[in-house]
Amino acid sequence: MILRQSRRGFGLFELVLVLIILAVLFTVIVTAMDTLRQNGQTTSCINQIRRIADSMSQYDQNYSSFPWAFNDDASFLIAGKPPGGFLGNASYDRMGWWWQNFLSPYSGVDDFYEDSIFRCPSRNIVENNLKNPLWGNYGVNQMICKSALEPGNRAHLAGNPLGSQLLPAPARLVLMADCGYNMINWAHVTNKPPYEFGNLIEDQAYLPGLIISDYETGSVSPKKFPQFVNDVSGRHENQKINILYGDGHVKTEPAESLRVTWKDGVYDRLEAWVADPARPKGR
């Protein structure tokens, strides 16, 4: 008598189980690859900031100060285009010399619209400003680098930039960080700005991952326009940013660590932003 071996294919249950296992494995692999990609971008960003720090240091050694964040003084504009040309879009960005222009002889970069150390590898702005080098890369601290000219309510942002020798605690003072715009100051990281934001495009500066809510109403963003939606979640993992401090060291820290708080009529946590020990008062 010949016995026939039963040949039974996969049943519906087994097929579904296999598909579930494959889906889980696929999710795990994609997540791991995305984490590796993010970590690689963060590392590349840190290395780029260190190279910018070297250029900052060379500039500081030559001029005893860091470069201006922005300078549109006539004496500079008469000289013609800055190294690398005027940056940004003249329809909404101010035209003048930006800190990248001042650093061009030291960084060796003269095309800021192509990939360079001034373009963050983790940049994730996809709106109309994608090609604008002033948006979504790095921003210098205006309390240190300063602007040549500012309106009356921003006089504290104008003047000659400070040098490393004038910083009372350079290891804790932010010189530059991942930023939504090319320059930033502590007014952008508090829920109670010391002056009214107006029509200047830099009023929209922000730290990626740091959501500012109005102190009075709790509504998101007291600024005229909210920050880009795709930068609210942060530029690096866990809403962290890369920060260059005044002494040249770079750290990856939560954007929240740089928030300035308003309580009982005074601002707290200004130490990371302000070199002057006099503490500003709110409006």
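Values in this text are rule-based calculations from the coordinates and carry no lab data. As the structure is a computational prediction, the values presented were derived from the model and not from experiment. Counting neighbours? That spans all protein chains shown, and the Cβs are built from the backbone with ideal geometry, glycine included.
A few notes on this one:
- Least to most buried among 188, 156 (fewest other Cβ within 10 Å first): 156, 188
- Theoretical FRET efficiency, 1/(1+(r/R0)^6), r = Cβ-Cβ of residue 199 and residue 30, R0 51 Å, to 0.05: 0.75
- This model, with +1 at the C-beta of Lys and Arg and -1 at the C-beta of Asp and Glu, gives region 31-90 a dipole about its Cα centre of some 220 debye.
- Rounded FRET efficiency, nearest 0.05, which uses the C-beta distance separating residue 91 from residue 50 and R0 of 41 Å: 0.75
- In this label model, residue 39 and residue 172 are separated by 3.2 nm, measuring between points 7 Å along each Cα→Cβ vector.
- Derived from the Cα gyration tensor, the three semi-axes of the equivalent ellipsoid of region 34-151 are 25, 18, 12 Å, largest first.
- Over region 89-148, the Kirkwood radius and the radius of gyration, each from Cα atoms, give a ratio Rg/Rh of 0.94.
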